[in-house]
Structure formats: structure tokens, C-alpha cells
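Please read the structure below before turning to the comments.
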Amino acid sequence: MTATTDPDSAFAGARQTLLALRATLGRVIVGQDELVTHLVTAVIAGGHVLIEGLPGLGKTHLAKALAAALGLRWSRVQCTPDLMPADVTGAEIYMTAANGASTFEFRPGPVFAQLVLIDEINRATPRTQAALLEAMQERQVTHAGVGHRLPRPFCVLATQNPIELEGTYPLPEAQLDRFMFKLAMPFPARDSLRALLEVSLDDEPSDSLEALASPEDVLRIAQLCRQVLIGARCKDAAVDLIVATQPGPDNATADARRHIRYGASPRALQAMLRAARVRALMAGRPHVDVADLQAVALPVLRHRVLLRLESELDGLDVDTALAAVIDGWQRRL
């Protein structure tokens with residue numbers, strides 16, 4: 001992607017880059033088009049992503065392909081219960097110079113990459129999980145009282161296995177709220193499984209994937225997305241959806257009162273509008289439409305809304321409860 005001073009050309013070039021990126025990743029990760037679109041949206045919007053799915057579905061392969069296509073420097077952290085915070089953020093190393101002088105030197109950990117894959121984050125202990133909070137929110141790591149800025153762009157892509165319970169530590173709500181999206185990676189359909197054999201039986205396509213953009217392009221497109229207009233109607237609609245997830249207000253919906261224990265935070269409102277701007281750019285519009293909000297509502301909300309214990313015991317899941325809330329919200333627009 002080349003820089004241009006013409007706003008229309010800049011928007012068109014950014015859209016072309018995003019569509020090419022989505023198409024390329026769709027050929028590498030077969031049958032996960034919606035997941036790929038959401039992932040591209042979050043990276044451009046400057047958000048972090050939590051992907052939940054069974055082992056072997058290609059989550060690591062997807063992260064590698066995304067980093068290669070965007071020319072990002074990436075790293076991987078395989079979480080285990082004995083993983084320490086310094087294993088992620090870095091530590092000071094005792095160094096001796098040639099003249100005999102000695103000093104401590106900070107050696108950055110794997111979090112100092114532009115795309116960081118945290119594999120099976122729920123296997124890390126709460127202490128190590130907490131070490132990621134500052135990095136995800138402040139884009140820096142503080143060690144021995146000294147702050148170290150993380151590279152830009154910076155995105156954390158974390159995965160977790162939904163069926164593994166032994167030896168795991170569920171993420172607290174405060175850390176879940178730092179993720180822009182929580183995405184579910186479904187099992188591929190039969191046709192997708194068959195097509196998978198044609199592209200990745202002997203080799204991983206991400207190993208030979210050519211860059212379609214650069215880190216500078218990612219930052220440039222992200223800046224362009226800030227110029228996408230958000231009208232008062234869309235702002236009001238986004239606020240109404242966040243309020244609809246709250247069980248407390250007098251005007252709370254019946255579904256929220258019945259099933260929801262804790263609704264979405266104001267950070268969810270910000271994440272929804274930032275993601276909607278990217279979706280508008282992908283659609284070739286210079287302004288956000290309600291359809292953009294609808295497209296990102298579920299991945300923004302599903303990890304920020306807690307159900308009542310009675311509803312969970314009745315077998316209700318968050319996606320089903322939110323589908324009812326979102327449907328009611330759409331009818332009131």
C-alpha cells in the first residue's frame with residue numbers, strides 16, 4: 001500500500017489492502033471467513049483478540065499467517081502453570097563488560113513483538129496473566145521502576161481451550177475486558193476440511209506467505225479509520241445496546257433482568273465503535289452504519305456479559321442470551 005494525499009484514494013487503497021488481506025487469509029485458513037474478518041478488524045482497530053476453540057483448528061497457523069501478511073514481527077508464548085511473568089515481559093541480566101565493569105541490562109521478553117500469540121492463556125497462573133494487563137492496556141512494560149514502550153502496532157492474540165478444566169485458571173473479568181473481541185473458532189464444515197487438504201497437507205502456507213502490507217501501512221490504515229464519521233444515530237444506537245445488556249436500570253429489558261448478572265462496560269462501547277469504523281471502511285463507506293454495529297456486537301459483548309447462575313444451570317449460554325438482547329435492540333432501532 002502506498003501513501004497518498006488524496007482522501008478518496010487513501011480510503012480506496014486502504015479498503016483494497018484490507019480486502020486483499022482478508023481474501024489471502026481466507027485461502028490459508030479455509031472455512032473461517034467470519035473469524036478472519038473479525039481478526040483483521042480487531043488488528044486494524046488496535047484491539048486484542050481472545051480466540052476460543054479446540055486444539056488443531058489452526059489458531060497458531062492463523063496468527064503466523066496474519067503476521068506474515070502484514071509484515072509484523074511476531075512471537076509466541078506457550079502458557080504452562082510454571083510460566084513466570086519475567087518469561088513474558090523480560091528480565092534484567094547481569095552483564096560484565098570487557099573492562100571488567102558490571103551492570104544489569106534489561107532483556108526484553110516475547111511480549112516485545114508487534115503480534116504476540118499467547119497460546120492457551122488460561123493455563124498460565126493469575127500472576128503471569130496479570131503481567132499482561134499493563135502491556136495490553138498501557139502498551140508498555142514496567143520493570144524495576146523503568147517503563148519500556150512496546151512496539152507499534154501491538155496486538156495480543158490469545159487462545160484458550162474451552163473443554164480443558166484441569167490445570168487451568170479462568171481469566172478474571174478485568175482482564176477479559178481488555179480484549180476487544182472474543183471469537184469462537186468452530187469446527188470446519190466437511191467441504192472446508194476437504195479443501196484444507198489441498199493447501200496444507202504437506203506444508204504450512206503461512207511459511208511462504210508474502211507480505212501484503214507493512215507495519216507502517218497498518219498504522220496508516222488505523223489512522224484513516226479514525227476519519228470515518230460516526231453519526232449521532234449510530235452513537236445513540238451503540239449506547240442503547242450497551243444499556244440493553246444492563247440488568248439494573250428501570251428500563252432494562254426482560255431478557256436482561258431474567259438472565260444477565262453483569263452487563264457490558266463502557267470499554268465495550270468504545271471497542272464497538274472503533275471496530276465499526278473498520279467495518280465501514282471495508283464496506284467502502286466513509287461513515288458508520290447500524291449494520292457495522294450489528295456485525296461486531298456479539299464478539300464485543302460475549303466475554304463482557306455474565307449470566308445469572310440460574311440461567312447457566314438451565315443450560316443457557318452467553319451467545320444465546322445476547323442474541324435475544326441484540327434482536328430486541330434491532331427491533332427498536
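Between the alpha-carbon centers of the range 174-226 and the range 6-57, tell me the distance in whole angstrom. Here the answer is 6 Å between Cα centres. Solvent-accessible area assigned to carbon and sulfur over the chain amounts to 52 percent, based on a 1.4 Å probe.
Between the residues G46, A20, G71, the greatest Cα displacement towards the positive end of the dipole of the range 1-71, with unit charges on the Cβ of Lys, Arg, Asp and Glu, is found for G71.
Starting from the Cα gyration tensor of the range 161-301, take the square roots of the eigenvalues, sort them a ≥ b ≥ c, and report rounded, prolate or oblate (rounded when a/c is under 1.5, otherwise prolate if a/b is larger than b/c, else oblate). Cα axes put the range 161-301 in the oblate bin. Using the Cβ-Cβ distance between S208 and A184 with R0 set to 22 Å, the FRET efficiency from 1/(1 + (r/R0)^6) comes to roughly 0.15. Place a label point 7 angstrom from the Cα of E312 along the Cα-to-Cβ direction, then list the residues of the range 171-185 whose backbone nitrogen is under 13 Å away. In the range 171-185, the label zone of E312 (backbone N under 13 Å from the point 7 Å along Cα→Cβ) covers 171-173. Normalised by the number of residues in the range 12-66, the mean separation of alpha-carbon contacts (under 8 Å, six or more apart) gives a relative contact order of 37 percent.
If R0 equals 41 Å, the separation of the Cβ atoms of D191 and T142 corresponds to a calculated FRET efficiency of about 0.25. Taking the helices alone, the chain has a mean residue ellipticity at 222 nm of -14500 deg cm²/dmol, built from -39,500 (n - 2.57) per DSSP H run of at least 4 residues and averaged over all its residues.
Averaging the sequence gap over all C-alpha pairs within less than 8 Å and six or more residues apart, then dividing by the number of residues, gives the range 182-282 a relative contact order of 23 percent. Between E134 and T320, the simple label model (points 7 Å from Cα in the Cβ direction) yields a spacing of 4.3 nm.
Given a 1.4 Å probe and the protein chains as shown, H61 ends up with an accessible area of around 30 Å².
At 7 Å along Cα-to-Cβ for each site, give me the label-to-label distance between T168 and L333 in nm. Inter-label distance under the simple model: 3.3 nm. Put simply, the Cα atoms of the range 1-90 extend 52, 33, 18 Å along their principal axes, the longest span coming first.
Taken per residue, the accessible surface of the chain reaches 49 Å², heavy atoms only and a 1.4 Å probe. By a 1.4 Å probe calculation restricted to protein chains, K64 has an accessible surface near 50 Å², given to the nearest 10.
Farthest towards the positive end of the charge dipole of the chain, among the residues V243, S208, V300, is the Cα of V243, using unit charges on the Cβ of Lys, Arg, Asp and Glu. About its Cα centre, the chain has a charge dipole of approximately 920 debye under the convention of +1 per Lys or Arg Cβ and -1 per Asp or Glu Cβ, with nothing else charged.
Packing around the peptides 220-230, 33-43, taken as the average count of other Cβ atoms within 10 Å per residue, puts them in this order, highest first: 33-43, 220-230.
For the range 52-140, the dipole from Cβ point charges (+1 on Lys and Arg, -1 on Asp and Glu) about the Cα centre works out to 280 debye, to the nearest 20.
On the principal axes of its alpha-carbon atoms, the chain has extents of 74, 50, 44 Å, going from largest to smallest.
Take 174-184, 189-199, 233-243 and order them by the average number of nearby Cβ atoms within 10 Å per residue, most first; the result is 174-184, 233-243, 189-199.
Summing +1 for each Lys or Arg and -1 for each Asp or Glu among the other residues whose beta-carbon sits under 13 angstrom from that of L150 gives +2. Each Lys and Arg Cβ is given +1 and each Asp and Glu Cβ -1; about its Cα centre, the range 213-333 then shows a dipole of about 400 debye.
Within the shell defined by Cβ-Cβ distances under 14 Å, the residues around T125 carry a net charge of -1, with Lys and Arg each +1 and Asp and Glu each -1.
The values are calculated or read from the model by the stated rules, or taken from the named source; none is laboratory data. Everything numeric here is computed off the predicted structure, so don't read it as measured data. When we count neighbours, we look across all protein chains shown, and the Cβ atoms used for this are built from the backbone with ideal geometry, even at glycine. Just the protein is used for accessible areas: all its heavy atoms, side chains included, with ligands, DNA and RNA removed. Shrake-Rupley method; radii C 1.70, N 1.55, O 1.52, S 1.80 Å.
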